[in-house]
Amino acid sequence: MARRKSPDLADWVRALSVVPPFITLPVGIIAYLVLHYFAMKTVAVGAGSAETAAADAATATVLRALALVFQYLIPFVLGMSGLLWLVRRFEKRRVRKLADVAGSSEVLASISWADFERIVAHAFTKHGFDAQLTPEGADGGIDVVLHRGEQKFLVQAKHWRAKAVDVETVRALYGVMHAEGAVGAYVVTSGVFTKAAGDFAEDKSIWLYNGQRLRDLLKQGRDALPGGNLTLDRLPARVGEGVECPLCASPMTLRIAKQGGHQGERFFGCTTYPDCAGLRPVD
């Protein structure tokens with residue numbers, strides 16, 4: 001069985017980063033002052049028997065040692081969570097500005113694939129969706145997951161400058177959509193689609209957005225009221241419960257083949273890839 005990962009400092013920092021720093025930083029300072037007081041407090045030996053005094057002294061020593069550690073640890077975690085909150089806030093502002101530029105120019109083809117995914121996600125939030133990016137390298141052809149109420153939609157972002165998105169890409173995403181229980185899916189590209197891709201999607205709940213349509217989407221949403229939230233932290237990789245890699249015994253994550261003879265099929269891949277290329281089929 002795969003061991004369940006215990007929370008570490010990074011997990012606590014991420015969890016607390018939803019709290020703004022004007023709250024976490026004062027709490028961190030207060031925590032330091034209180035714990036520092038106890039860490040520096042002299043251990044007093046109370047009256048009573050020698051055994052009782054020794055037990056009291058031992059307890060006080062342990063508490064003092066804990067205070068010595070946590071007087072720095074708690075402020076550090078709270079301080080880092082506040083810094084992460086600020087980083088996220090500035091990054092969202094950067095994405096909004098980039099989306100404004102992309103909606104009024106031909107800049108889509110010149111940005112990085114990561115920024116392309118971010119502005120695609122941002123565009124959908126302006127039209128009522130909550131959006132979150134998927135893990136890098138383990139997304140099974142899905143780059144953004146959208147939610148609107150109880151409904152789930154999938155987005156594949158193709159930052160292709162010259163190559164047209166073909167029907168195989170659209171067909172594979174259609175299969176993933178059903179496997180994931182989504183009610184619809186979008187393929188968004190900075191370029192164009194082949195005619196076969198358009199014909200395949202015509203009568204299905206899968207929508208194709210070329211570069212011009214994405215720019216229109218960004219322009220239309222610029223003056224709209226914010227309808228959804230953009231989460232720039234990527235979703236955690238989906239780990240198969242109890243599935244171990246046959247090569248290194250590490251946990252495995254569910255993936256979907258993007259190309260080749262098994263395109264669109266699900267499989268378990270090792271979470272340490274590319275260090276380990278262990279695979280298991282999905283029963």
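The values are calculated or read from the model by the stated rules, or taken from the named source; none is laboratory data. Bear in mind that the values here come from a model prediction, so they are computed numbers and not experimental data. These area figures cover heavy atoms from the full protein model, side chains too; ligands, DNA and RNA do not enter into them. Shrake-Rupley method; radii C 1.70, N 1.55, O 1.52, S 1.80 Å.
Can you send over the carbon and sulfur percentage of the accessible area for the range 63-116, probe radius 1.4 Å, protein chains only?
Numbers: 2260 of 3160 Å².
Answer for the range 63-116: carbon and sulfur cover 71 percent of the accessible area.
Provide the solvent-accessible area of K219, counting protein heavy atoms only and rolling a 1.4 Å probe, rounded to the nearest 10 Å².
The accessible area of K219 comes to roughly 100 Å².
Over the range 59-118, give the accessible area per residue in Å² for a 1.4 Å probe, as an integer. Mind showing how you got there, number by number?
On the way: 3500 Å² over 60 residues.
Heavy-atom accessible area per residue stands at 58 Å².
Kindly report, to the nearest 10 Å², the accessible surface of H36 as traced by a 1.4 Å probe over protein heavy atoms only.
About 60 Å², ignoring ligands and nucleic acids.
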